[in-house]
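The values are calculated or read from the model by the stated rules, or taken from the named source; none is laboratory data. Note that the coordinates shown come from a computational prediction; the quantities given were computed from them, not determined experimentally. Here the Cβ positions follow ideal geometry from the backbone for every residue, glycine too, while neighbour counts run over all protein chains shown.
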Amino acid sequence: MKPIFMTKFGGAEAPEEEQGNCMAACLASLFELELDDVPDFGGKINNGTWYGILNVWLAQRNLELSFYPVKNVILPMLGYYMLAVKSTTLKNPNDGHMVIAQNGTVVHDPNPNAKSVGEKEDVWMFSPIDISKCKEENRWLTRLKRLMHWKNK
């Protein structure tokens, strides 16, 4: 994980070009990329098109996104993952924010101005689409992670 910070800080009501890019900064951090190498989701959150754009980008990397309410996941989880949290810096906390956690602890907030992390809402995890394309040493861990992190409903 390479910490990358967001460069835009507006909420959902801000003009499209000013809407926050915390999701892109978290993805760049997790995958150790530059911010410009990740799609900009500004203006695509409210209309829902971010999800398709993200899935195409992840599929090019043999990955898929799964996200679950925090209440349905046993924390702490192993490794790095993204957390959707309520914003502590926007006027409307329901606009949401993304951070990176590891083993149950927030390890990176892409907002350099944030003093605290809001209420945890969803866990975002990435898994391979085709496990046969993964490195052999990572296959058992991927299967184990898929099995271990669910509570019975």
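Answer with yes or no whether E13 is modelled with pLDDT under 85, among the charged types (D, E, K, R) and over 16 Å from F126 (Cα atoms). Give the derivation first.
Numbers: modelled with pLDDT under 85: yes; among the charged types (D, E, K, R): yes; over 16 Å from F126 (Cα atoms): yes.
So E13 fits the description; yes.
Looking at this structure, is Q102 within 18 Å of F31 (Cβ to Cβ) and touching a Phe, Trp or Tyr at 6+ places or on another chain (Cβ under 9 Å)? I'd like the intermediate steps shown before the answer.
On the way: within 18 Å of F31 (Cβ to Cβ): yes; touching a Phe, Trp or Tyr at 6+ places or on another chain (Cβ under 9 Å): yes.
Taking the combined requirement at face value, the residue satisfies it.
Let me confirm something: among G118, G104, G96, G79, which residue is at pLDDT 65 or above and touching a Leu at 6+ places or on another chain (Cβ under 7 Å)?
G104
Give the number of residues within the stretch 82-112 that are surrounded by 15 or more Cβ atoms within 10 Å (Cβ to Cβ) and either touching a helix residue (DSSP H, G or I) at 6+ places or on another chain (Cβ under 8 Å) or under 16 Å from G20 (Cα atoms) (or both).
Total meeting the criteria: 20.
Show the residue pairs meeting these rules: Cβ distance below 8 Å; 6+ apart or different chains; first residue within the stretch 113-135 and within 17 Å of G79 (Cα to Cα); second residue acidic (D, E).
F126/E64; S127/E64; P128/E64
Is it the case, given these coordinates, that F31 is over 25 Å from D130 (Cβ atoms), aromatic (F, W, Y) and touching a residue at least 24 places away in the same chain (Cβ under 8 Å)?
Values: over 25 Å from D130 (Cβ atoms): no; aromatic (F, W, Y): yes; touching a residue at least 24 places away in the same chain (Cβ under 8 Å): yes.
Spelling it out, it is not the case that F31 is over 25 Å from D130 (Cβ atoms), aromatic (F, W, Y) and touching a residue at least 24 places away in the same chain (Cβ under 8 Å).
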